[in-house]
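Notes follow the structure.
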Amino acid sequence: MEAVKRFGKRYLPPKIKQWLKGMIIRYNIDFGAKSAQTQQAIKLQDQYDLEALRAARKIVVFLVPNDGEISGGLLSIFHFVDFTRELLDDGYCIISTVPGRYTYAQNLTFKNSEQIFRWEQIASNCSQCQELVVHIPEYFAEFFYGSLSRNDIEFLRGVPKFRINILNQNIDYMPKPDKLMTLRYLTDCVSQSAGFERYATQEVCNTFKMPLYYIPSYINLEHCIVKEFTEKKKLILFSNDQNLDKRQILSKLQDEFYDYEIREIQGFSYEEYLELMSEAQFCISFGEGFDGYYIQPYYANGIGISVYNDRFFPNPAIQDFPFVYASFDVMFERVYDDIRSVKDQQDKYEAVVNRVYSYLTENINHSGKTAAGLEKYYENTADYYPKDNQ
């Protein structure tokens, strides 16, 4: 079974992987090691002090995948929790694994002190709750209702003010609108929040027929380790995304830069990842493009390499940036010469870093914008409302 999971992570398209993740959770498909880890987690969760939860009248729950694996989306959710606690003095905010057989008590892939609850602790300990918000990751939204017990459904329907928000952090993982209709069985107050400006639009709002809030994804990049050009290693990193062009691009780079280590980012804790990123001269994104594999290198005095697309990149002007290509075919043709032109030239290398870094720090990943988006959500003031006949 573990071999099947490894195959899926490496070779299946992202949309299929997210759908399968939801199906595994929904139908409680058993993985032996995961069952043992869950039993240990439940023992720890059963020791939590639940008095604050039981007494709370306003509760905000952020659901996270139950596999405990690190991702940009997960890191962003943890920051959303911090912002929510700052915004809601009268609310009690917690993180829970999605409903299902598996859970974990603490995420050990990066430094944090969060207690992770399991879903059944929410429904059975919130008898005083008058207002409830549940933020659901987009891939799990279509499975949420079907994963609930009768007691869960009765509890949720009984909360006087109950809101569901779908965390649309990746538009490619959003279920089709008709798959989300079951959420209406629980409440009429269903919305989505877009993590990227490109799909925080009236068109997306109309497509899904629910209010839309723009809550930019946020990752605290102040922890990035910065190393000078002279401290960098001959190291090229690349993302572990499934991509049909990856093999030929990496093969060409390995042939041309035989003295470089070319390494996949996989199996590291977040702290190990930050250290590795600080050592690398270059990092290639084979996934969304405008993601951590492209952005974070610049915060570590490195160069991110990517292919432009209009789904995730916030501004068409980025197409003109160095090391951003129109397609993977163009990357294959040009990336070798582009790397060679700067890899030993500190002034040229740092000119690229400074240009992109300046844009990123001025235009994206602002904690203030994320906090403002969450504040608008809790004030129930959407950026877009569905319009008929659009």
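Indicate the gyration tensor shape class of region 56-120 (rounded, prolate or oblate), computed on the Cα atoms with a ≥ b ≥ c the square roots of the eigenvalues: a/c under 1.5 is rounded; otherwise a/b larger than b/c is prolate and the rest oblate.
It is oblate, given that a/c is not under 1.5 and a/b is not larger than b/c.
Ordered by packing density, taken as the mean number of other Cβ atoms within 10 Å over each peptide's residues, highest first, how do 203-209, 70-76 rank?
Output ranking for 203-209, 70-76: 70-76, 203-209.
Just to confirm the number: angle between the C-alpha axis of helix 270-279 and the first principal axis of the chain, 0 to 90 degrees, nearest 10?
20 degrees
Arrange 274, 212 by Cβ neighbour counts within 10 Å, fewest through most, would you?
Exposure proxy ranking, most exposed first: 274, 212.
So how far, in whole Å, is the C-alpha centre of region 221-298 from the one of region 364-379?
Answer, in whole Å: 30.
So how strong a dipole does region 221-363 carry about its Cα centre when Lys and Arg Cβ are +1 and Asp and Glu Cβ are -1, to the nearest 20 debye?
180 debye
Order these by the 10 Å Cβ neighbour count, fewest first: 347, 291.
Ranked by crowding around the Cβ, least crowded first: 347, 291.
Spelling out what I want: for every residue of region 156-168, take phi, set θ = phi - 60°, compute 6.51 cos²θ - 1.76 cosθ + 1.60 (Karplus), and round to whole Hz; glycine and proline get x.
5, 5, x, 6, x, 10, 10, 10, 10, 10, 8, 7, 7
Return the subset of 176/369; 176/376; 58/111; 209/387; 161/369 for which the Cα-Cα distance in this structure is over 18 Å, preserving the input order.
In this structure, 176/369; 176/376; 58/111; 161/369 lie more than 18 Å apart at Cα.
Express the relative contact order of region 221-363 as a whole percentage, based on alpha carbon pairs under 8 Å and six or more residues apart in sequence.
It comes to 24 percent, rounded to a whole number.
Taking the 0 to 90 degree range and rounding to the nearest ten, how far is the long axis of helix 246-256 tilted relative to the main principal axis of the chain, both from C-alpha atoms?
Once rounded, the angle reads 30 degrees.
Which whole-number percentage describes the relative contact order of region 15-214, with Cα contacts under 8 Å and a sequence gap of 6 or more?
21 percent
So for the chain, taking the charge dipole from beta-carbon charges (+1 Lys/Arg, -1 Asp/Glu), which of 38, 171, 239 sits furthest toward the positive end?
With unit charges placed on the Cβ atoms, the residue in question is 38.
Among [x] 1.26; [y] 0.98; [z] 1.04, which one is Rg/Rh (Cα atoms, Kirkwood Rh) computed from these coordinates?
[y]
Taking only Cα atoms, what is the 0 to 90° angle, nearest 10, from helix 32-45's long axis to the longest principal axis of the chain?
60 degrees
In whole Hz, with x marking every Gly and Pro, tabulate ³J(HN,Hα) for region 176-193 from phi via Karplus 6.51 cos²θ - 1.76 cosθ + 1.60, θ = phi - 60°.
Each residue of region 176-193 in turn: 5, x, 5, 6, 9, 5, 5, 4, 6, 5, 9, 6, 7, 8, 10, 9, 10, 10 Hz.
Relative contact order (percent) for the chain, with alpha-carbon contacts under 8 angstrom and 6 or more residues of separation?
15 percent
Can you classify region 209-309 as rounded, prolate or oblate using the Cα gyration tensor, where a ≥ b ≥ c are the square roots of its eigenvalues, rounded means a/c under 1.5, and otherwise it's prolate if a/b beats b/c and oblate if not?
oblate
Return the calculated 222 nm mean residue ellipticity for the chain, to the nearest 500 deg cm²/dmol, obtained by summing -39500 (n - 2.57) across DSSP H runs with n ≥ 4 and dividing by the residue count.
Taken over the chain, the calculation gives -12000 deg cm²/dmol.
Charges only on Cβ, +1 for Lys and Arg, -1 for Asp and Glu: so what's the dipole of the chain about the Cα centre, in debye to the nearest 20?
I would put it at about 1200 debye.
Which of 42, 94 has the fewest other C-beta atoms within 10 Å, and how do the rest follow up to the most?
Ascending Cβ contact count within 10 Å gives the list 42, 94.
What ³J(HN,Hα) values, in whole Hz, does the Karplus curve 6.51 cos²θ - 1.76 cosθ + 1.60 give for region 101-112 when θ = phi - 60°, with x put for Gly and Pro?
Once θ is set to phi - 60°, the couplings for region 101-112 become 5, 9, 7, 8, 9, 8, 8, 9, 7, 7, 6, 6 Hz.
Bear in mind that the values in this text are calculations on the coordinates, not laboratory data. The structure presented is a predicted model; accordingly, all values stated were derived computationally and were not measured. We place every Cβ from the backbone using ideal geometry, glycine too, and count neighbours over all the protein chains shown.
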